[in-house]
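> Quick one: this structure, given as structure tokens, is what I'll be asking you about.
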Amino acid sequence: MRKKIVAGNWKMNLDYQQGISLFSEIVNMANDEVIGEQGIVICAPFIHLHGLAQLAGSRSRVAVGGQNIYFQETGAYTGEISASQLKSTGATYVILGHSERRAYFHEDDNQLSRKVDAALKHGLIPIFCIGETQDERESDRYFDVIRTQLEEGIFHLADGDFGDVVLAYEPVWAIGTGLTATPEQAQEVHAFIRNEVANHYNQNVANSTTILYGGSCNPKNAPELFAQPDIDGGLIGGASLKSRDFIDIAKVFNR
Ligand code: PEP
């Protein structure tokens with residue numbers, strides 16, 4: 001059985017105090033209400049990470065992650081954060097290749113592949129995002145786009161390292177727009193991704209790869225999306241800023 005995960009992406013929201021307060025609510029609700037093996041992760045701005053990790057401690061079932069790293073180890077890169085620095089906060093996950101980073105900060109597959117290497121080297125689990133724009137979907141190029149993102153961003157990894165990665169399919173046209181991929185559209189792409197993993201590695205690796213769906217996921221649409229055979233959870237933006245909604249999404253996997 002591959003791991004199910006519900007991960008929140010707070011993006012550039014919440015000041016420090018607001019972040020601590022929302023995270024406390026999430027931890028309490030998760031401890032009281034989430035019954036199952038599903039992983040729960042909050043990917044927060046850098047300023048929150050140490051405080052959240054301290055709050056989570058070793059007893060909470062909520063893990064903490066960042067939203068980006070730089071691939072260099074250390075040095076004169078003003079404003080950047082390295083993988084080892086992120087790890088030292090207590091974070092265990094990092095989102096890499098989010099479409100907002102690709103679009104606004106011009107992160108390309110080559111840079112992302114180096115970020116993936118840096119994350120793994122320091123024991124961080126990358127949540128590696130891939131997905132097509134509206135234009136690429138409408139012109140039926142989405143399979144090619146996703147194949148290229150996989151091949152250039154992450155398929156350089158050896159089998160053993162690839163086993164430590166989580167993938168997230170996030171159609172760009174569904175992020176923050178209220179437009180969700182239908183369960184059939186999402187399942188079609190998730191099955192395609194799993195098949196690409198099987199072709200590049202092997203079927204065992206493909207069967208154990210966690211592939212999350214992201215794009216306007218909420219407590220209403222999550223049950224049908226997560227019921228698809230190749231969807232192993234969600235990367236949740238807007239709804240992760242509301243503790244009730246986020247926990248209700250995580251509870252879809254309650255046993
Ligand atoms: C995201 O930013 O990863 C995301 C899925 O956002 P939203 O849920 O708000 O569409």
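What follows is calculated from the coordinates using simple rules that are stated; it is not laboratory data. Keep in mind that what you see is a predicted model, and the values were worked out from it rather than measured. FYI the Cβ positions are ideal-geometry reconstructions off the backbone, even for glycines, and counts take in every protein chain you see.
> If you keep only loop residues by DSSP, which chymotrypsin sites (Phe, Trp or Tyr not before Pro) in segment 1-102 have at most 14 other Cβ atoms within 10 Å of their Cβ?
Working: sites: W10, Y16, F23, F46, Y70, F71, Y77, Y93; in loops: W10, F71, Y77.
Sparse-neighbourhood loop chymotrypsin sites (Phe, Trp or Tyr not before Pro): Y77.
> I would also like to ask the following. Can you give the charge dipole size of the chain about its Cα centre, rounded to the nearest 20 debye, using +1 on the beta carbon of Lys and Arg and -1 on the beta carbon of Asp and Glu? Mind showing how you got there, number by number?
Numbers: 21 positive and 32 negative charges, 185 e Å.
It comes to approximately 880 debye.
> Show which aspartates and glutamates lie in cross-link reach of K242 when reach means a straight Cα distance below 18 angstrom and same-chain residues fewer than eight apart are skipped.
Qualifying aspartates and glutamates at Cα under 18 Å: D15, E25, D32, E33.
> Could I ask something else about it? Sorting Y142, Y104 on the 10 Å Cβ count, fewest up front, what's the list?
On the way: Y142 19, Y104 9.
Taking fewest neighbouring Cβ atoms as first place, the list is Y104, Y142.
> Now, a different point. Sorted from largest down, what three extents in whole angstroms do the Cα atoms of the chain have along their principal axes?
46, 44, 33
> Here's another thing I want to ask about it. Too long at a 20 Å Cα-Cα cut-off: which of K4/K251; K3/K220; K3/K121; K220/K251?
Details: K4/K251 11 Å; K3/K220 22 Å; K3/K121 22 Å; K220/K251 12 Å.
Check vs 20 Å cut-off fails for K3/K220; K3/K121.
> Right, next: Compute the relative contact order of the chain as a whole-number percentage, counting only Cα pairs closer than 8 Å that sit 6 or more residues apart in sequence. Don't skip to the answer; put the middle values down first.
Details: 488 pairs, mean separation 58.4, N = 255.
Relative contact order, the chain: 23 percent.
> Okay, next question. Would you mind checking segment 180-212 for residues with the amide N under 12 Å from a putative spin-label position 7 Å along Cα→C-beta of K220?
Once the point is set 7 Å along Cα→Cβ of K220, 180 turn out to lie under 12 Å by backbone N, inside segment 180-212.
> Here's a follow-up. Counting only residues 5 or more places away or on other chains, whose amide H sits under 5 Å from the amide H of G8 once H atoms are built in the peptide plane?
It is V41, I42, C43, I236, by chain and number.
> Which whole number in µm²/s is D for segment 25-162 by Stokes-Einstein, with the Kirkwood Rh taken over Cα pairs at 10 °C and 1.306 mPa s? Provide the component values of the computation, followed by the final result.
Working: Rh = 16.3 Å.
Calculated translational D: 98 µm²/s.
> A further question follows. Of all the Cα-Cα pairs you can form in segment 125-255, what percent are over 17 Å apart?
Details: 4746 of 8515 pairs.
Roughly 56 percent, rounded to a whole number.
> I would also like to ask the following. Quick one: what does P(r) look like for segment 87-169 with 10 Å bins over all Cα pairs, in whole %?
Percent of Cα pairs in each bin: 18, 50, 25, 6, 0.
> What is the gain in length, in nm to one decimal, between I47 and T148 on full extension, counting 0.36 nm per residue of separation less the C-alpha to C-alpha distance? Mind dumping the intermediate values first?
On the way: separation 101, 0.36 × 101 = 36.36 nm, distance 3.31 nm.
Residue separation times 0.36 nm, minus the Cα-Cα distance, leaves 33.0 nm.
> Just how far, in whole angstrom, is segment 181-255 from segment 29-62 if you go by their alpha carbon centroids?
About 19 Å separates the Cα centre of segment 29-62 from the one of segment 181-255.
> Treating cross-link reach as a plain straight distance, find the lysines whose alpha-carbon is under 18 Å from the alpha-carbon of K115, omitting any fewer than eight places away in the same chain.
K87
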